[in-house]
Amino acid sequence: MNGLYIHIPFCVSKCFYCNFVSFKTSSKMQAKYVKELCLEIKNKKNLIKPKTLYIGGGTPSFLSVKLLTELFEAIEKNFGPIKKFKESTIEANVESLTPAKIKLFKKYGLNRLSLGLQSPNNKYLKIIGRAHTFERFLKVYTLAKRYFDNINIDLIANLPTQTLSDFLSGVKKVISLKPKHISLYALEIEEGCTLYKKGFSTDDDLCLKMLKQAATLLEKAGFKQYEISNFAQKGAQSLHNINYWQSGSYLGLGVAASSYLKGVRSTNTADLKTYLTQKNKTAFSEKLTGKAKEGERIILALRKLEGFKPTKKMLQLFKKDFTILQKENLLISKKDKLALSEQGKYLANQVFRHFVEPF
């Protein structure tokens with residue numbers, strides 16, 4: 001199943017943990033970006049016939065109704081009606097999501113909305129530099145539920161000063177809102193972000209307790225964990241992301257967007273000025289072969305908790321690694337499949353290191 005990803009790199013402000021490619025810019029700069037993005041859409045329309053659409057960021061909802069309309073029109077002109085995509089997702093933050101934008105999403109046929117909450121506790125929202133309150137989230141979420149059946153809510157565990165009870169209380173509060181999908185991430189403080197500069201660090205042991213107990217709460221509430229960070233009600237798994245984990249083809253458009261087409265992995269420039277002024281926007285491109293290619297396929301496949309059936313080639317190249325990881329109880333056998341164990345879910349990076357260069 002081929003996917004189309006479109007990146008909108010603008011935000012009202014930079015969250016204190018954020019290390020993604022995003023910018024706070026003027027409306028004039030946003031208009032220039034959308035114009036260039038629409039041109040890239042036109043120029044690359046023949047590279048793929050996508051079945052899923054994902055508009056991410058940054059914050060796509062930060063664009064005006066006018067610019068969003070221009071973007072949707074360009075998508076439809078070059079890839080067909082949005083309502084005909086099997087799945088079409090747009091990310092949004094509630095401080096910029098208005099009733100007019102929600103109605104616009106519905107008008108064009110988008111069928112999945114992903115909302116960045118991160119925490120239902122205003123104390124922690126302030127600590128991590130979010131621009132909304134939980135009260136604002138509830139107001140927008142209630143409206144969005146009238147138009148969208150399939151809504152994802154993002155949560156982050158192990159926020160600065162957050163206790164286990166605080167976190168689990170927040171998870172229960174989000175479950176009570178009855179979204180169809182919840183994405184649960186562990187906080188990562190990378191060099192360069194505001195929390196790193198302020199000297200915050202993460203507590204790995206506490207984070208492990210948070211994630212394990214949250215998973216139990218979510219499972220009891222009917223959410224199936226189908227990927228390391230993703231839980232869904234029946235039939236609400238993200239098809240676009242599943243395509244990534246199955247090593248499917250996808251086209252990424254916009255600044256810093258990545259593509260995987262015909263075995264070639266490429267990434268657009270992360271520099272906004274370069275993206276706006278240069279015809280060739282590719283900053284990186286490589287074709288993985290041999291052990292590197294098989295290793296990446298294994299890493300992606302292991303993200304799905306159902307596991308995967310290793311090919312003869314994978315077994316030839318990584319039999320020793322599979323054996324070691326099973327002895328360490330990080331991988332388990334499920335009939336003819338290999339999958340992360342319960343312990344392996346929380347030590348996934350330790351598992352993945354076995355399949356990353358240098359070998």
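The values are calculated or read from the model by the stated rules, or taken from the named source; none is laboratory data. Everything numeric in this text was worked out from a predicted model, so none of it was measured. Here the Cβ is made from the backbone with ideal geometry for all residues, glycine too, and neighbour counts use every protein chain on show.
Residues that are part of a helix (DSSP H, G or I) and among the β-branched types (Val, Ile, Thr) were ranked within segment 262-306; the one that is farthest from Lys24 (Cα to Cα) is Ile298.
Give the residues of segment 291-307 that are closer than 15 Å to Val264 by Cβ and not basic (Lys, Arg), sorted by residue number. Within segment 291-307, Ala292, Glu296 meet the criteria.
Return yes when Lys220 is free of Cβ contacts under 8 Å to residues at least 24 places away in the same chain, assigned by TED's automatic domain parsing to the domain that holds Lys49 and among the basic types (Lys, Arg) and no when it is not. Criteria met by Lys220. When restricted to residues that are under 22 Å from Ser249 (Cβ atoms) and assigned to a helix (DSSP H, G or I), segment 40-70 contains 7. Checked against (1) charged (D, E, K, R); (2) more than 21 Å from Lys212 (Cα to Cα); (3) at pLDDT 95 or above, Glu328 meets all criteria but (2). Candidates Lys209, Lys178: the one that is part of a helix (DSSP H, G or I), in the same structural domain as Thr142 (by TED's automatic domain parsing) and not small (Gly, Ala, Ser) is Lys209. Within segment 1-17, residues that are modelled with pLDDT under 95 sit with their Cβ atoms under 7 Å from residues that are buried (at least 20 other Cβ atoms within 10 Å of the Cβ) and of a type in the set (Lys, Arg), at 6+ positions apart or across chains, in these pairs: Cys15/Arg130. Which numbered condition in (1) modelled with pLDDT of 95 or more; (2) out of contact with any strand residue (DSSP E or B) (no Cβ under 8 Å at 6 or more places or on another chain); (3) among the charged types (D, E, K, R) is the only one that Asp336 fails? Condition not satisfied by Asp336: (1). Contact map, segment 45-60: residues that are at positive phi paired with residues that are assigned to a strand (DSSP E or B), Cβ distance under 9 Å, separation 6+ or inter-chain. Pairs shown: Gly58/His7; Gly58/Ile8; Gly58/Phe10; Gly58/Phe23; Gly58/Glu91. What is the one condition in (1) farther than 21 Å from Glu91 by Cβ; (2) at pLDDT below 95; (3) under 21 Å from the mean Cα position of the chain (by Cα) that Lys197 does not satisfy? Condition (3) is where Lys197 drops out. The condition of being basic (Lys, Arg) and over 24 Å from the mean Cα position of the chain (by Cα) holds for only one of Lys279, Lys345, Lys293, that being Lys279. Would it be correct to say that Ser229 is of a type outside the set (Val, Ile, Thr), in the same structural domain as Gln118 (by TED's automatic domain parsing) and at pLDDT 95 or above? Yes. Considering (1) buried (at least 19 other Cβ atoms within 10 Å of the Cβ); (2) under 18 Å from Gly56 (Cα atoms); (3) modelled with pLDDT of 95 or more, the lone condition that Arg130 does not fulfil carries the number (3).
When Asn158, Asn121 are checked against the criterion of being of a type outside the set (Phe, Trp, Tyr), under 21 Å from Leu218 (Cα atoms), surrounded by fewer than 21 Cβ atoms within 10 Å (Cβ to Cβ) and touching a helix residue (DSSP H, G or I) at 6+ places or on another chain (Cβ under 8 Å), a single residue qualifies: Asn121. Look at segment 195-212: where a residue is surrounded by fewer than 16 Cβ atoms within 10 Å (Cβ to Cβ) and a partner is assigned to a helix (DSSP H, G or I) and at pLDDT below 95, sitting 6+ places away or on another chain with Cβ atoms under 9 Å, you get Ser201/Leu195; Lys212/Glu342; Lys212/Lys345; Lys212/Tyr346. When segment 249-271 is filtered for residues that are on the phi < 0 side of the Ramachandran plot and either in the same structural domain as Ala74 (by TED's automatic domain parsing) or in contact with a helix residue (DSSP H, G or I) (Cβ under 7 Å, 6 or more places away or on another chain) (or both), the ones remaining, listed by number, are Tyr250, Leu251, Leu253, Val255, Leu261, Asn268, Thr269.
Just to be sure, is Ile156 farther than 18 Å from Cys11 by Cβ, in the same structural domain as Asp204 (by TED's automatic domain parsing) and at pLDDT 95 or above? Spelling it out, it is not the case that Ile156 is farther than 18 Å from Cys11 by Cβ, in the same structural domain as Asp204 (by TED's automatic domain parsing) and at pLDDT 95 or above.
The combined condition, being of a type in the set (Lys, Arg), over 19 Å from the mean Cα position of the chain (by Cα), modelled with pLDDT of 95 or more and farther than 25 Å from Arg303 by Cβ, is fulfilled by Lys173.
Among the listed residues Ser259, Ser183, Ser247, which satisfies the condition of being part of a strand (DSSP E or B), within 28 Å of Ala74 (Cα to Cα) and not hydrophobic (A, V, I, L, M, F, W, C)?
Within the list Ser259, Ser183, Ser247, the selection yields Ser259.
Is one or more of the residues making up segment 13-20 in a loop (DSSP other than H, G, I, E, B), of a type in the set (Lys, Arg) and within 21 Å of Leu251 (Cα to Cα)? No; the residues of segment 13-20 include none that is in a loop (DSSP other than H, G, I, E, B), of a type in the set (Lys, Arg) and within 21 Å of Leu251 (Cα to Cα).
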